[in-house]
Amino acid sequence: MSVSSKLTIFNDPIYGFIRIPNPLVFRLVEHPYFQRLRHISQMGLSYLVFPGAHHTRFHHALGSMHLMQQALQTLRLKGVSISEEEEEALLVAILLHDIGHGPFSHAMERGIAEGLDHERLSLHFMNALNANFNGSLTLAIAIFNGTYSRKFMNQLVSSQLDMDRLDYLKRDSFYTGVAEGSINSERLIHMLNVAGEDLVVEEKGVYSVEKFLMARRFMYWQVYLHKTGIVAEQLLIQIFKRAKDLLHRGDDLQGSPALMHFLKGEFQPGVFTAADLEYFSQLDDTDILAAIKLWQHHKDKVISQLCNMLLTRRLLKIEIKNNQVSDTELKHYIDKVSQLFGISKTDASYFAFKGNIYNRAYNQQEQKIHILRKTGEVLEVTGASDHLNLVAQGETVEKYYICYPKECVT
């Protein structure tokens with residue numbers, strides 16, 4: 001099959017022109033499963049905080065593939081042997097690494113399809129596409145799963161310094177306007193090498209790695225864990241929770257067939273079927289937003305109020321704390337909501353709840369970032385750096401929050 005000359009490049013605001021390298025990648029990009037990513041926001045509800053954050057998973061997947069092309073070119077120039085078959089598989093693996101994300105992905109995983117994380121769903125999609133493309137994705141799937149013998153290839157796709165993270169930090173920083181998250185992905189890629197089948201960064205790139213880890217930490221506190229974004233996502237989860245409760249009671253609730261399939265629990269995570277995958281492939285942000293616009297007029301006061309709050313950005317108040325929120329404090333707000341709104345305490349718990357958040361820029365227990373010294377010695381990055389704050393990047397910071405209506409503040 002020949003590739004149409006009209007769609008061999010994309011004009012990306014981050015990197016300029018992104019080239020589609022071969023017919024297989026082109027056909028995958030054209031497939032409905034991949035085109036669906038055009039309708040799934042990369043940053044969920046973050047646009048309620050950062051108005052420019054409307055970029056999609058489609059943008060991100062293409063950007064990650066572009067960086068993979070650069071990484072492969074760099075490694076080959078340094079003498080790393082990579083066959084054409086391996087190159088194609090790597091490009092496919094990174095292109096499809098996020099294909100399993102659902103609408104408002106993390107809220108989706110917690111509120112609609114519990115037990116189905118996006119990594120497992122990506123694998124379901126890749127297996128289905130592999131059958132559709134006569135086994136052309138077999139090597140890409142092995143790399144994605146980490147079962148291929150050449151370890152560094154999986155690390156390019158999924159590690160603490162992979163093409164996924166290099167793209168989303170730079171892209172999310174650009175679209176949110178948060179300069180602290182901007183990284184020099186080109187510099188990092190040019191410093192990559194392979195030592196003993198492990199992906200490493202050459203010694204002169206250690207400061208770029210430090211900047212990358214600090215930028216990741218900043219982006220989590222300033223963007224991904226922004227308190228307004230947290231409360232908006234939690235409101236969406238509460239909407240899903242209430243919708244499932246209403247459906248369980250037998251109440252009438254309208255929504256797309258795909259959304260209803262998952263809200264009604266018409267699937268088993270352990271035996272995710274081809275029919276389940278087909279339903280999931282039809283889900284995007286449009287299904288969720290259309291349902292919320294409908295449900296704001298529902299006779300049930302809880303779901304109608306929750307939907308109205310999210311649509312009009314009249315969000316709950318959120319307090320971020322260093323210590324755990326006590327059950328006594330939560331009960332105080334639930335009682336207050338019950339009195340103010342004239343609803344039961346069970347219903348009040350949809351408007352007053354607590355939780356926790358984590359931030360760790362670097363996990364020393366997972367695939368570590370290694371630095372290759374000029375002597376040939378390979379060191380873990382915290383041992384190769386003289387930056388005292390780098391060790392702190394590996395520490396998990398946990399914070400706690402409580403949400404409640406602003407009317408409760410007296």
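The values are calculated or read from the model by the stated rules, or taken from the named source; none is laboratory data. Bear in mind the structure is a predicted one, so any value in this text is a computation, not a measurement. Counting neighbours? That spans all protein chains shown, and the Cβs are built from the backbone with ideal geometry, glycine included.
So, in the range 69-99, of the ones that are of a type outside the set (Asp, Glu) and under 30 Å from His226 (Cα atoms), which residue ends up surrounded by the fewest Cβ atoms within 10 Å (Cβ to Cβ)?
From the range 69-99, those of a type outside the set (Asp, Glu) are 69-83, 89-97, 99; that's our starting set.
Filter again for under 30 Å from His226 (Cα atoms), leaving 94-97, 99.
Values: Ile94: 29, Leu95: 22, Leu96: 28, His97: 25, Ile99: 24.
Across the range 69-99, the extreme among qualifying residues is Leu95.
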>> Where the second residue is in a loop (DSSP other than H, G, I, E, B) and of a type in the set (Ser, Thr, Tyr) and the first is more than 13 Å from Met65 (Cα to Cα) and lies in the range 82-104, which pairs have Cβ atoms under 9 Å and are six or more apart or on separate chains?
In response: Glu86/Tyr148
> Gln35 is checked against (1) of a type outside the set (A, V, I, L, M, F, W, C); (2) modelled with pLDDT of 95 or more; (3) farther than 21 Å from Leu137 by Cβ; (4) part of a helix (DSSP H, G or I) and fails just one. What number does that condition carry?
Replying inline: (3)
> Does the range 166-180 contain any residue that is under 21 Å from Glu395 (Cβ atoms) and of a type outside the set (S, T, N, Q)?
Replying inline: yes
> Quick check: anything in the range 298-308 without any contact (Cβ under 8 Å) to a residue 40 or more places away in the chain and loosely packed, with under 14 Cβ neighbours inside 10 Å?
Replying inline: yes
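Given the criterion touching a residue at least 12 places away in the same chain (Cβ under 8 Å), aromatic (Phe, Trp, Tyr) and in a helix (DSSP H, G or I), identify the matching residue among Phe26, Phe10, Phe50. Can you show your working first?
Numbers: Phe10 fails: in a helix (DSSP H, G or I); Phe50 fails: in a helix (DSSP H, G or I).
Within the list Phe26, Phe10, Phe50, the selection yields Phe26.
Of the residues Leu294, Leu277, Leu225, Leu188, only one is touching a Phe, Trp or Tyr at 6+ places or on another chain (Cβ under 9 Å) and modelled with pLDDT of 95 or more; which? Walk me through it before giving the result.
Details: Leu294 fails: touching a Phe, Trp or Tyr at 6+ places or on another chain (Cβ under 9 Å); Leu277 fails: modelled with pLDDT of 95 or more; Leu225 fails: modelled with pLDDT of 95 or more.
Result: Leu188 is the single residue among Leu294, Leu277, Leu225, Leu188 that is touching a Phe, Trp or Tyr at 6+ places or on another chain (Cβ under 9 Å) and modelled with pLDDT of 95 or more.
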> Which one of Leu213, Leu225, Leu199, Leu235 is surrounded by 20 or more Cβ atoms within 10 Å (Cβ to Cβ), among the hydrophobic types (A, V, I, L, M, F, W, C) and in contact with a strand residue (DSSP E or B) (Cβ under 7 Å, 6 or more places away or on another chain)?
Replying inline: Leu199
> Scanning for something assigned to a loop (DSSP other than H, G, I, E, B) and of a type in the set (Lys, Arg), does the range 108-131 turn up at least one residue?
Replying inline: no
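Scan Lys151, Lys170 and give me the residue that is surrounded by 15 or more Cβ atoms within 10 Å (Cβ to Cβ) and over 19 Å from the mean Cα position of the chain (by Cα).
Numbers: Lys170 fails: over 19 Å from the mean Cα position of the chain (by Cα).
The match here is Lys151.
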>> Give me the residue from the range 353-377 that is surrounded by 17 or more Cβ atoms within 10 Å (Cβ to Cβ) and over 20 Å from the mean Cα position of the chain (by Cα) and, out of that set, farthest from His226 (Cα to Cα).
In response: Leu372
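Based on this model, can you work out whether Asp287 counts as surrounded by 14 or more Cβ atoms within 10 Å (Cβ to Cβ), in a helix (DSSP H, G or I) and within 22 Å of the chain's Cα centre (by Cα)?
Yes.
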>> Quick check on my filter: what residues within the range 312-342 are surrounded by 13 or more Cβ atoms within 10 Å (Cβ to Cβ) and either in contact with a Gly (Cβ under 6 Å, 6 or more places away or on another chain) or within 21 Å of Gln296 (Cβ to Cβ) (or both)?
In response: Leu315, Leu316, Lys317, Val337, Leu340, Phe341
>> Where the second residue is in a helix (DSSP H, G or I) and of a type in the set (Asp, Glu) and the first is under 13 Å from Val409 (Cα atoms) and lies in the range 325-340, which pairs have Cβ atoms under 9 Å and are six or more apart or on separate chains?
In response: Lys336/Glu407; Val337/Asp347; Val337/Glu407; Leu340/Glu407
> Cβ-Cβ below 8 Å, separation at least six or inter-chain, first residue in the range 161-178 and on the phi > 0 side of the Ramachandran plot, second surrounded by fewer than 23 Cβ atoms within 10 Å (Cβ to Cβ) and assigned to a helix (DSSP H, G or I): which pairs?
Replying inline: none
>> Pairs please, first residue from the range 232-248 and over 19 Å from Thr312 (Cα atoms), second anywhere and outside any helix (DSSP H, G or I) and basic (Lys, Arg), Cβ atoms under 7 Å, 6+ apart in sequence or on different chains.
In response: Leu247/Lys264
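Filter the helices (runs of 4 or more DSSP H) completely within the range 138-213 down to those with at least 1 residues that are farther than 25 Å from Glu88 by Cβ.
Numbers: elements: 138-145, 151-157, 163-176, 185-190.
Correct list: 163-176, 185-190.
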>> When the residues of the range 95-107 are narrowed to those that are assigned to a loop (DSSP other than H, G, I, E, B) and small (Gly, Ala, Ser), which ends up modelled with the highest pLDDT?
In response: Gly100
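Does Ala215 qualify as being small (Gly, Ala, Ser) and without any contact (Cβ under 8 Å) to a residue 60 or more places away in the chain?
Working: small (Gly, Ala, Ser): yes; without any contact (Cβ under 8 Å) to a residue 60 or more places away in the chain: yes.
Against the criterion (small (Gly, Ala, Ser) and without any contact (Cβ under 8 Å) to a residue 60 or more places away in the chain), Ala215 qualifies.
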